[in-house]
Structure formats: C-alpha cells, structure tokens
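**Q** There's a structure below that I have some questions on.
Nothing in this text is a laboratory measurement; each read-out follows from the coordinates by a stated rule. Note that the structure is predicted; figures quoted are calculated from it, not measured. Cβ placement follows ideal geometry from the backbone for every residue including glycine, while neighbour counts extend to all protein chains displayed.
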Amino acid sequence: MKLFICVLLAAIGSVSFGTCCSAEVVRVAVQKTGTFAWELAVIRSHGLDRQADLSVEVVELASPEAGKIALRAGNADIVVSDWLWVSRERGLGARLAFYPYSSALGAVMVPAASSIKTLADLRGRKLAVAGGPIDKSWLLLLAWLKQGGIDLKSEATIAYGAPPLLAAKTLSGEMDATLNYWNFCAGLEAKGFRRLAGIEDLLPKLGAKGRTAMIGYVFDEKWANANQDKIARFIAMTRAAKEILSTSDAEWEKIASLTGAPDAATLRAYRDRYREGIPRRPVADEEADARILYRVLAEIGGRELVGPAPELDSGTFYRAIPGG
C-alpha cells in the first residue's frame, strides 16, 4: 500500500513542507457530511495536500443542488455530481466536464425476515424510494424490471422522500422495502436488514460491462484546460487518500466521528461499501458504460431527466489525467 501511494504521489511531484503557504488553491464545494470530508481528513493527516502543493478550500453545502449553483456562479472550482447533469448542461451550452469519483450506488433493502426474496416480489408491496421519481437508481431499477415485464410504478405502492426519513420509516416497519442511497443502505445493513439487490448488480443486464461511476468531480471545461497540472495533482492526491482508506482499517477508526456512524457495525458497513465504490477502471471504459446507461435512462426518464439530448454529450468525460 505504501509503495502504491508513493507511485501516485511521485506523479504530482515532490515539494517541501515549507511550500504550504504558496500552495495553489483548489476550491471544492461539497456537503459537510459527505464522503469527501472523510477523504479530506486523510489527505490532511497524511500531508498529501502538502506533497501535491495544493491548498484545498472547502465550501460546505446543504445540498447537492447548492453545489451546482456554486460551480455555475464561479464560487467553486470543483463539485461532486453526476454525468447525467454534466451532459445535460453541456447540451444547454455550459461546458462542464466529469471525472469519476465513486461507483457506490443505492440498493433495495428489506427486513431480514421479509418474505420478499426477489425484486419481482416487490409487486403489491410498499416501497420507499429516495430522491424522487427521476432518481437514477430508481429509473435503473424500473428499466431492469421492465425487461421482465414488470411495471413497478403501477404494480407497487411507491413513497418518495428524503433518504433519512425513508430509512426511518423502513426501520419502523411502515414500508416493506426501500431503495435508498448507499450510505443509508449501509446503515440499514448494520441494523440487520437484508440487501435484496444493489443497483450495480443490475447494470450488466442493462448493457454495462462493469461497475459504473455515476458520481464524479465536475468542473468547468475552460478552467480545466487552463489548470491541467493542478487537476492532475488533485486527482492523484485524492486517489492516494482512497488507497489509504481501501487498505487501512485503522484509518477508519480515526475518521469515525466524521462518518456519523453510531456504532462499530455501521462504521464497518460504511467502510466496506465505500471501498467497493472506489473507481479502478480506465476512464474510457467508464465513459463507454455511461453512454449505454444514458440511453437507458433517457428512454425511461425522458426530457425531464436528460433534457433534449438522446445521447451522452461526447465531451462529458474529462480525459487529460495521466493514467486515467
């Protein structure tokens, strides 16, 4: 692990600890409780920012939508969002770019003793869906079931809502199952709930070749072209932090308070699901799968989801990262 990190950081150059005052600033707008906060703690505790000659300024947000506004207003250099939004914005004239950050997706969770054994068993049940009717995971689930002749929207009782609220309703027994974001699913898993299916498990039947990073770093294309070296160092720095979190259980104990995990079981669930979501494929492979899944989502989500473009915009994925 140490050798791997050294190789990564060699790509971004060696600087002395005394360069911190002249380090280049990167403004990252993220949610206070998001996974980037976990990575940033690792970055700072291991001095990865100093080695990259970068000063990471965090703009804390209340929601992902606020990040999009901050980026478009010029108040942030980088936000975390999905390639669907980037492609849609490019179609509307905003030249944004995407680089993979995580392939961790939601899952359908049921109580351990539930009689629901397959996704087809969701017919006639109460299903809580986080994010709303055009949530990506929900649409991918609908598309997967549609191939088997099941229209879950009309064959189940669907309740949309905020992730924490729906997790609580599922825990209280108000719902038979929930499709929630990966971290809330990890919390339910720690409480004994059963993972009926992860959305990543459905992707091959929809045409994808592997786990696909739906979430990534998003930045303005013009800014990226003017700061290619800075972005390369930022990506190498965050990769090194991810590698530490992927191999060191002790590191998770250090950041436990940042995760909000109420107990050791939840922390372990966060750790394991986070590690599964670390992107390890070439960007070209990620883009190829994103192009396939975009068509699936465009067909089922329509213009409300993707805007006027039936295909992923060709410039959506950022490629100017060595080894990316």
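**Q** If you rank Glu304, Glu57 by fewest surrounding Cβ atoms within 10 Å, what's the result?
**A** Ranked by crowding around the Cβ, least crowded first: Glu304, Glu57.
**Q** Do any of Lys222/Lys242; Lys136/Lys254; Lys191/Lys254 go past 30 Å between their Cα atoms, and which?
**A** Result: Lys136/Lys254 exceed 30 Å.
**Q** Quick one: net charge around Val110, please, counting Lys, Arg +1 and Asp, Glu -1 for every other residue with C-beta under 10 Å from its C-beta.
**A** Neighbourhood net charge equals +2.
**Q** Still on this structure, please answer the following. Work out from phi, with θ = phi - 60° and the Karplus expression 6.51 cos²θ - 1.76 cosθ + 1.60, the ³J(HN,Hα) of each residue of the range 211-227, listed in order in whole Hz, and give x for Gly and Pro.
**A** The phi angles translate into 4, 10, 6, 7, 9, x, 6, 10, 8, 6, 4, 5, 4, 4, 5, 8, 9 Hz.
**Q** Lys/Arg Cβ at +1, Asp/Glu Cβ at -1, dipole of the chain taken about the Cα centre: which of Ile278, Leu196, Trp182 is farthest positive-ward?
**A** Leu196
**Q** Would you give the gap between the C-alpha center of the range 29-61 and the C-alpha center of the range 86-122, rounded to a whole Å?
**A** First find each Cα centre; the distance between them is then 25 Å.
**Q** What number, rounded to the nearest 500 deg cm²/dmol, is the helix-based mean residue ellipticity at 222 nm of the chain, given -39500 (n - 2.57) per DSSP H run of at least four residues and division by all its residues?
**A** Counting only the DSSP helices, I get -13000 deg cm²/dmol.
**Q** Where does each of Ser246, Ser81, Ser314, Ser87 land when they are ranked from fewest to most other beta-carbon atoms within 10 angstrom?
**A** With the fewest neighbours first, Ser246, Ser81, Ser314, Ser87 line up as Ser314, Ser246, Ser81, Ser87.
**Q** Shifting gears a bit: Rank by packing, highest mean first: peptides 253-259, 123-129, with packing defined as the count of other Cβ atoms within 10 Å averaged across residues.
**A** Listed from highest to lowest mean packing, they are 123-129, 253-259.
**Q** Can you tally the net charge around Gly315? Count Lys and Arg as +1, Asp and Glu as -1, for every other residue whose Cβ sits under 15 Å from the Cβ of Gly315.
**A** -1
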